[in-house]
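Report on one structure; see the data block that follows.
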Amino acid sequence: MRIGFIGAGKMGFTLGKHLKESTDALLVGYFSQNPESAREAAKFTDTKYYKDLNELADLCDALFITVPDGQIAVIAELLDGLGTVMEGKILCHTSGALSSQVFSGMHSPIYGYSIHPMCAVSSKTKSHINFSKCFITIEGHERYLEFFVHLFVSLGHEVKIIEKEDKIRYHGAAVMASNLVIGLYHMAQEELSKCGFTSEEADRALKPLFKGNAEKLAEYGCEEALTGPVERCDIKTISKHMSVLEGDSLEAYRLLSRQLVDIARKKAGEGMNDKYDELDDMLKP
């Protein structure tokens, strides 16, 4: 399969390098509205820069659209304007939130897919190194669905087919486990600042705690990783926490502690149900 990339940001660099090094697919090259980025990506992947979108589309069987979400529909419209050159082409985007439905308005008979790596791609030139470890979700036309599943499985990924109707919920879950955790960490920094910590001291105090718990969670799961006052059903301590927290910090503490109650119940077994019921009631708004 001959593959081209439209867009030369971090995902375009990373996925292109990954495919070039790991498959027999022919990586043709890059087109971007930022020509310099496309030239850099082509050099990085030992492929070719194309200044003409029509030429790249004509040479490829599949096009990966690796641009910001708001530009995917714009690119789809540009491709649709190429006419018969697009007939039978495979179009893939890498958005977590958008489905293949973004291609539904095209007049050309194409096969559309959303292929989302569930990982943080933070570097143009380094993220490809461990990219095969990331989980991949795919949804789209049935014609090539199994082809893409087998392709990414062969590259070392775990792959899950999802429905287009579930894309937003799926992406929201990914944001909870990645971006929102940063917000929670920032709240903890703010609370320590109220205790007289400098930002550097707060980081030195919190980072080992954060990292150790994240590693335990990743290795053993929620129940085994859970420690602290909710796990012990320490109602007095939790009540004291809530007496000094306020605003968003109090609301986050309350909501997330209720999630921990469900996990703690499973970990403790039936004998602790009454105590956890009491804690759950206390945590309700």
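Just a few scattered comments:
- The range 73-144 versus the range 164-195: alpha-carbon centroid distance in Å: 26
- Candidate membrane-span-like segments in the chain, meaning DSSP H helices with Cα atoms spread over at least 24 Å of their own axis and a Kyte-Doolittle mean of -0.5 or above, are 247-268, with no membrane implied.
- Helical mean residue ellipticity (222 nm; -39500 (n - 2.57) per DSSP H run of 4+; nearest 500) of the chain: -16500 deg cm²/dmol
- Evaluated at q = 0.11, 0.18 Å⁻¹, a Debye calculation over the C-alpha positions of the range 1-111 (equal weights, vacuum) places log10 I(q)/I(0) at -0.29, -0.82.
- Among the GluC sites (Glu not before Pro) in the range 139-202, those placed in a DSSP loop whose Cβ has at most 13 other Cβ atoms within 10 Å are GLU142, GLU158, GLU163.
- Debye intensity ratio in log₁₀ form over the Cα atoms of the range 38-164, taken at each q of 0.09, 0.16, 0.22 Å⁻¹: -0.26, -0.87, -1.48
- Karplus (6.51, -1.76, 1.60) ³J(HN,Hα), θ = phi - 60°, over the range 55-68, in Hz, Gly and Pro reported as x: 5, 5, 4, 5, 7, 10, 8, 9, 10, 9, 9, 10, 10, x
- Relative contact order for the range 209-285: 32 percent, from Cα pairs under 8 Å spaced at least 6 residues apart, divided by residue count.
- Put simply, the amide H of GLY9, placed in the peptide plane, has no neighbours under 5 Å, leaving out anything fewer than 5 places away on its chain.
- Computed FRET value (nearest 0.05) for ASN179 with ASP46, which takes r as the C-beta separation and R₀ as 51 Å: 0.90
- Alpha-carbon gyration tensor eigenvalues x 5, square-rooted, for the range 1-45, Å: 17, 10, 8
- Accessible area per residue, Å², the range 16-144 with all protein chains present, probe 1.4 Å: 47
- Computed over the range 164-285, the alpha-carbon pair-distance distribution with 10 angstrom bins reads 11, 36, 38, 13, 1, each value a whole percent.
- Between LYS48 and GLY29, TYR30, the built amide H atoms are under 5 Å apart, and every one of these is 5 or more places off in sequence or on another chain.
- Isolated Cys in the chain, by beta carbon distance under 4.7 Å: CYS60, CYS92, CYS195, CYS222, CYS233
- Positive-pole candidate from MET176, THR237, ALA218, dipole of the range 126-240, charges at beta carbon: THR237
- Distance between the pseudo-spin-label points of GLU223 and GLU158 (7 Å out from Cα toward the beta carbon): 1.8 nm.
- Largest accessible area first, the residues ARG39, ARG232, ARG254, ARG204 order themselves as ARG204, ARG232, ARG39, ARG254 under a 1.4 Å probe with ligands, DNA and RNA left out.
- Expressed as a fraction of 2.2 N^0.38 Å, the C-alpha radius of gyration for the chain is 1.26.
- Net charge, THR227 excluded, C-beta distance under 12 Å - Lys, Arg +1, Asp, Glu -1: -1
- Start at zero, step by 10 Å, and the Cα-Cα distances of the range 117-218 spread as 12, 30, 31, 16, 8, 2, 0 percent across the bins.
The values are calculated or read from the model by the stated rules, or taken from the named source; none is laboratory data. Predicted model only: the values in this text are computed from it and were never measured. Using ideal geometry, Cβ is built from the backbone for each residue, glycine included, and neighbour counts are taken over all protein chains shown. For accessibility, only protein heavy atoms count, side chains too; no ligands or nucleic acids. Shrake-Rupley method; radii C 1.70, N 1.55, O 1.52, S 1.80 Å.
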